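Have a look at the structure below before the remarks.
Coordinate-derived values only; no laboratory data. Model, not experiment: these values are computed from the prediction. Backbone-built Cβ (ideal geometry, glycine too); neighbour counts: all protein chains shown.
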Amino acid sequence: MSKILITGTSGFIGSALAQSMAQNHDVVCLSRGETEVDGVTAIQGDFTSPADLRKLEPHTIDAVIHLAAVTGGGDEAELLRANVLGTYHLLRYFIDLGCKKFVLASSIAAVGFQSTRFRPLQLPMPDEHPCLDRIGYGLSKYMMEEVTRYLSRQNEDLDFINIRLASIVPEDRVLTPRKAGPVMEWAMGSLSIMYLSDTVRCLTMAAESLHKPGVRILNAVGTQACAEDTVPEIIRAWYGADADKIDLSHYERPGHERDPVFDITRIQTELGFVPERSVRPE
């Protein structure tokens with residue numbers, strides 16, 4: 001049994017993950033809000049606060065799962081302060097205490113798709129598609145990933161797994177597959193959905209995976225785009241003439257018309273993770 005620290009456990013994903021992992025691990029939770037999960041050690045605090053981090057000193061942590069963040073359309077300076085500098089201090093604190101395994105909730109938004117001006121460089125987008133963000137959130141998640149690269153260069157025995165998570169929905173959400181139409185903010189996120197149960201399983205598999213020094217950045221989205229029309233139809237409706245610059249041949253093969261817009265082959269190879277719940281009506 002490992003001792004796992006999970007941050008952000010008063011949130012939607014964190015509380016579900018803590019509840020699940022507490023069945024097989026000694027789970028310590030750190031969150032600004034109350035953690036309403038049985039069978040865990042719950043500490044109320046802010047991961048960006050050195051004083052609150054010191055509350056964790058009595059615990060020898062084997063792995064950190066970092067979910068806490070400023071999300072979505074937050075203030076640009078606050079996004080960078082919390083998600084980049086705050087994450088740096090959290091990682092540094094536990095590295096100095098001897099922890100070597102870190103799983104971080106990055107986001108598919110790290111590519112910068114929040115803006116209607118975003119255009120992917122290729123489709124499906126690879127795990128390390130560069131950041132083209134104009135809003136702030138995507139940049140903060142991308143820079144968080146870069147912090148793990150920096151710390152890995154200092155200590156080559158550390159294991160960092162950055163999971164670029166999809167848009168996550170609860171188990172009872174009935175999804176409406178996307179049709180071709182005008183491009184909107186967060187457009188790629190509307191195609192790239194994953195249910196909470198698969199998200200919990202993904203993060204658990206990452207934390208329980210064998211130690212592998214280095215930095216991994218892994219897309220985690222559903223096995224199909226949440227789309228009624230085909231991906232080429234949607235992309236051409238969204239981007240007009242700009243769509244001609246994007247190679248859509250992957251989706252023009254029979255049976256691949258609604259493949260995800262993010263490549264998920266590497267997470268299957270690295271962790272053995274394949275989403276189980278379909279995001280399209282059967």
Helices (runs of 4 or more DSSP H) enclosed by region 1-108 - at least 1 residues per element that are within 17 Å of the chain's Cα centre (by Cα) and buried (at least 19 other Cβ atoms within 10 Å of the Cβ): 12-21, 76-80, 87-96
Can you name every residue in region 252-274 that is surrounded by 13 or more Cβ atoms within 10 Å (Cβ to Cβ) and either in contact with a Cys (Cβ under 8 Å, 6 or more places away or on another chain) or polar (S, T, N, Q) (or both)? ILE267, GLN268, LEU271, PHE273
Does VAL215 satisfy the criteria of being in contact (Cβ under 8 Å) with a residue 12 or more places away in the chain, under 20 Å from the mean Cα position of the chain (by Cα), surrounded by 13 or more Cβ atoms within 10 Å (Cβ to Cβ) and under 21 Å from PRO126 (Cα atoms)? yes
Restricting region 186-201 to residues that are under 11 Å from SER167 (Cβ atoms) and of a type in the set (Val, Ile, Thr), which is surrounded by the most Cβ atoms within 10 Å (Cβ to Cβ)? ILE193
Six or more apart or on different chains, Cβ atoms under 9 Å: show the pairs whose first residue is in region 186-198 and over 12 Å from ARG280 (Cα atoms) and whose second is in a strand (DSSP E or B) and among the hydroxyl-bearing types (Ser, Thr, Tyr). TRP186/SER167; GLY189/SER107; GLY189/SER167; SER190/SER167
Please identify the pairs in which a residue from region 95-107 that is without any contact (Cβ under 8 Å) to a residue 24 or more places away in the chain and under 19 Å from LYS141 (Cα atoms) has its Cβ atom under 8 Å from the Cβ atom of a residue that is hydrophobic (A, V, I, L, M, F, W, C) and outside any strand (DSSP E or B), counting only partners at least 6 apart or on another chain. none
Filter result (assigned to a helix (DSSP H, G or I) and among the hydroxyl-bearing types (Ser, Thr, Tyr)) within region 212-259: TYR239, SER249, TYR251
Across region 39-74, what is the number of residues that are free of Cβ contacts under 8 Å to residues at least 12 places away in the same chain, farther than 14 Å from LYS3 by Cα and not basic (Lys, Arg)? 2
Inside region 133-158, can you point out the residues that are aliphatic (A, V, I, L, M) and either part of a loop (DSSP other than H, G, I, E, B) or touching a Lys or Arg at 6+ places or on another chain (Cβ under 6 Å) (or both)? ILE135, LEU158
If ILE161 meets every condition in (1) out of contact with any helix residue (DSSP H, G or I) (no Cβ under 8 Å at 6 or more places or on another chain); (2) part of a strand (DSSP E or B) apart from one, which number is that one? (1)
